[in-house]
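Student: The following block contains the structure, expressed as structure tokens.
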Amino acid sequence: MLEALLNTIDRDARQQNDWGKVASYIPELACVDPAQFAISVCTVDGQEFHAGDYRTPFSIQSVSKVFALALALGRLGDGLWERVGREPSGRAFNSIVQLEVEEGIPRNPFINAGAIVTTDAVLGRQAPRDTLGEMLSFIREAAEDTNIHINRHVAHSEQATGDRNYSLAYFLKSCGNLTNDCDRVLGTYFHHCAIEMTSAQLARAARFLCGGFGHQRLIGIERVRSINALMMTCGHYDGSGDFAYRVGFPGKSGVGGGIMAVVPNVASIAVWSPGLDRYGNSLQGTSALARLSRETGWSVF
Ligand code: DON
């Protein structure tokens, strides 16, 4: 039944005439063809289902912030919450305005300012190369796949045009909320955002957030719950309420058009379609998850 449903969702996605717009502020992503779609589901009983372009790697971008958060919580434990909040921001992912008003404490770990802080926490005193190695190992272990890499062209492309993130990092630094210098933190941040995965790999990697997969014990169940709560409330920025309303389970988007989603104790999911809506979240990817939730009854509510 799931296999047929995913094939139908894939076919219908391709018949829509609005793919949304690809992210243009990262030059390497601006040239991706928006008319692509992939969906992958791993169920807790060990089955996998895929449809569409599920073998095509894409830039996971902000989805990497979930892995950065998992590692930052491992480093600082609940001490992380002195440096970053747990509330939806109601603003764009790269917004600056709240950061000054709230004295350099980003609203949550998924807006850019928050992820720059979690990246700094994971870096600690390590070399960026070691931190990136640690993140890649975590993701490869979660996905049980060593063929997951960073696309350096994408990282350098973002670094060259990343003035907004530089401004966020310098402001955080001026408030005493970065321990490393800005170049070091952003170099690491741009590189983890530039990790590439297929939807099949990303759905497998998301099993660590799902519970129920006996062999996926990368982090404790209480951390799994915390991360899922944050994905539910903040995972789609100022589109998080709409995502919760339409889809009904936690998800994290990226401007590469990927979304990693979790139905606790039931399934982990990844969708990809590079065209974005006005919030910077995958247009067809979100519609596909809404349809999947409707037709399967999967929801946390
Ligand atoms: O920092 C940035 O702007 C990008 N590397 C990531 C932003 C992103 O993916 C927002 N998500 N939808």
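The values are calculated or read from the model by the stated rules, or taken from the named source; none is laboratory data. Because the structure is a prediction, the values reported are computed rather than measured. A quick note on method: Cβ atoms are made from the backbone with ideal geometry, for glycine too, and the neighbour counts reach across all protein chains shown.
Student: List the residue pairs whose Cβ atoms are under 9 Å apart, where the first residue sits in region 172-195 and is on the phi > 0 side of the Ramachandran plot, the second is surrounded by fewer than 24 Cβ atoms within 10 Å (Cβ to Cβ), and the two are 6 or more positions apart or on different chains.
Tutor: The qualifying pairs are 176/104.
Student: Just one of 293, 282, 268 is closer than 21 Å to residue 55 by Cβ and more than 16 Å from the ligand (Cβ to nearest atom); which is it?
Tutor: Details: 293 fails: closer than 21 Å to residue 55 by Cβ; 282 fails: more than 16 Å from the ligand (Cβ to nearest atom).
Going through 293, 282, 268 in turn, just one is closer than 21 Å to residue 55 by Cβ and more than 16 Å from the ligand (Cβ to nearest atom): 268.
Residues are listed down the side, and each one gets a yes or a no for (1) surrounded by fewer than 16 Cβ atoms within 10 Å (Cβ to Cβ); (2) within 16 Å of the ligand (Cβ to nearest atom); (3) farther than 26 Å from residue 202 by Cα:
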{"position": "25", "(1), (2), (3)": "yes, yes, no"}
{"position": "53", "(1), (2), (3)": "no, no, no"}
{"position": "111", "(1), (2), (3)": "no, yes, no"}
{"position": "133", "(1), (2), (3)": "yes, no, no"}
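Student: Which of the strands (runs of 3 or more DSSP E) found entirely inside region 178-281 contain at least 2 residues meeting this: of a type outside the set (Gly, Ala, Ser)?
Tutor: Hits in region 178-281: 195-197, 258-263, 267-272.
Student: Shifting gears a bit: Would you confirm whether any residue within region 141-155 is part of a loop (DSSP other than H, G, I, E, B), in contact (Cβ under 8 Å) with a residue 24 or more places away in the chain, over 30 Å from residue 48 (Cα atoms) and not hydroxyl-bearing (Ser, Thr, Tyr)?
Tutor: no
Student: What do you reckon, is residue 35 more than 16 Å from the ligand (Cβ to nearest atom), assigned to a loop (DSSP other than H, G, I, E, B), in the same structural domain as residue 266 (by TED's automatic domain parsing) and modelled with pLDDT of 95 or more?
Tutor: Details: more than 16 Å from the ligand (Cβ to nearest atom): yes; assigned to a loop (DSSP other than H, G, I, E, B): yes; in the same structural domain as residue 266 (by TED's automatic domain parsing): yes; modelled with pLDDT of 95 or more: yes.
Here the answer is yes, as residue 35 does meet what is asked.
Student: Sticking with this one: Name the single residue that is surrounded by the fewest Cβ atoms within 10 Å (Cβ to Cβ) among those in region 252-281 being farther than 19 Å from residue 88 by Cα and among the hydroxyl-bearing types (Ser, Thr, Tyr).
Tutor: Here the answer is 268.
Student: Would you confirm whether any residue within region 28-41 is without any contact (Cβ under 8 Å) to a residue 12 or more places away in the chain and more than 27 Å from residue 217 (Cβ to Cβ)?
Tutor: The answer is yes; a qualifying residue exists.
Student: Looking at region 79-92, is at least one residue modelled with pLDDT of 95 or more, surrounded by 17 or more Cβ atoms within 10 Å (Cβ to Cβ) and assigned to a helix (DSSP H, G or I)?
Tutor: yes
Student: Can you name the residue in region 219-241 that is crowded, with 23+ Cβ neighbours inside 10 Å and among the small types (Gly, Ala, Ser) and, of all such residues, is nearest to the ligand (Cβ to nearest atom)?
Tutor: Applying the filter and picking the extreme gives 235.
The rows are residues; the columns are (1) buried (at least 24 other Cβ atoms within 10 Å of the Cβ); (2) at pLDDT 95 or above; (3) under 19 Å from the mean Cα position of the chain (by Cα); (4) away from the ligand (no atom under 11 Å from the Cβ).
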| position | (1), (2), (3), (4) |
| --- | --- |
| 180 | no, yes, no, yes |
| 193 | yes, yes, yes, no |
| 208 | yes, yes, yes, yes |
| 217 | no, no, no, yes |
| 243 | yes, yes, yes, yes |
